[in-house]
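Structure record follows, encoded as structure tokens.
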Amino acid sequence: MGNRKIAIPEKNHKLANHFAQCQQISIYKIDGGKITGKKEIQATQESMQQFPALIYNNGVDVVLAAGIEDNTFNALTGLGITVLAGTTKAPADKLINDYIKGKLKTKFNT
């Protein structure tokens with residue numbers, strides 16, 4: 001696995017049901033199959049309205065999502081960002097470790 005940035009929208013330190021419900025976005029930097037950095041962005045109403053641009057401007061390659069609306073999905077994929085949707089609600093650290101190990105379960109992928 002090469003260098004990647006993975007974004008996880010969180011509520012109460014777990015994957016949020018939808019982006020509009022998230023309290024923060026954790027962006028993990030993965031390098032050689034290991035977490036080499038983590039950035040947390042506090043979610044505001046304004047930042048969530050600009051979610052695809054916020055993700056793109058932070059160099060994110062992959063977004064993990066429980067649920068996602070079509071317009072957000074299309075905006076992210078239109079920017080070249082992979083969306084792994086239908087992910088189980090779990091703590092972000094568990095999800096990122098499952099992703100690294102190739103064990104992340106999702107229902108919809110791009």
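Values in this text are rule-based calculations from the coordinates and carry no lab data. Predicted model, so just to flag it, every value in this text is computed and none were measured. Note that we place each Cβ from the backbone using ideal geometry, even for glycine, and neighbour counts take in every protein chain shown.
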remark   = 1/(1 + (r/R0)^6) with r = Cβ-Cβ of K103 and E40, R0 = 30 Å, i.e. FRET efficiency to nearest 0.05, evaluates to 0.80
message = For the chain, give me the percentage of DSSP beta bridges that are antiparallel, rounded to the nearest 5 percent.
response = 75 percent
Electrostatic dipole magnitude of the chain [Cβ: Lys, Arg +1; Asp, Glu -1; Cα centre; debye, to 20] = 480 debye
message = Quick check: the angle from helix 92-101's long axis to the longest principal axis of the chain, C-alpha only, nearest 10 degrees?
response = 50 degrees
ask   = Over all directions, what mean area does the Cα convex hull of the chain project, stated in square nanometres?
value = 5.8 nm²
query = For A43, what is the net charge nearby, where nearby means another residue's Cβ is under 11 Å from its Cβ and Lys, Arg count +1, Asp, Glu -1?
reply = -2
remark   = Dividing the helical contributions, -39500 (n - 2.57) per DSSP H run of n ≥ 4, by the residues of the chain yields a 222 nm value, nearest 500 deg cm²/dmol, of -7500 deg cm²/dmol
query = What's the extension gain from T88 to Q21 if we count 0.36 nm per residue and subtract their Cα-Cα distance?
reply = 22.6 nm
request  = Can you tell me the order of 93-106, 13-26, 31-44 when each peptide is scored by its average per-residue count of other Cβ atoms within 10 angstrom, highest first?
outcome  = 13-26, 93-106, 31-44
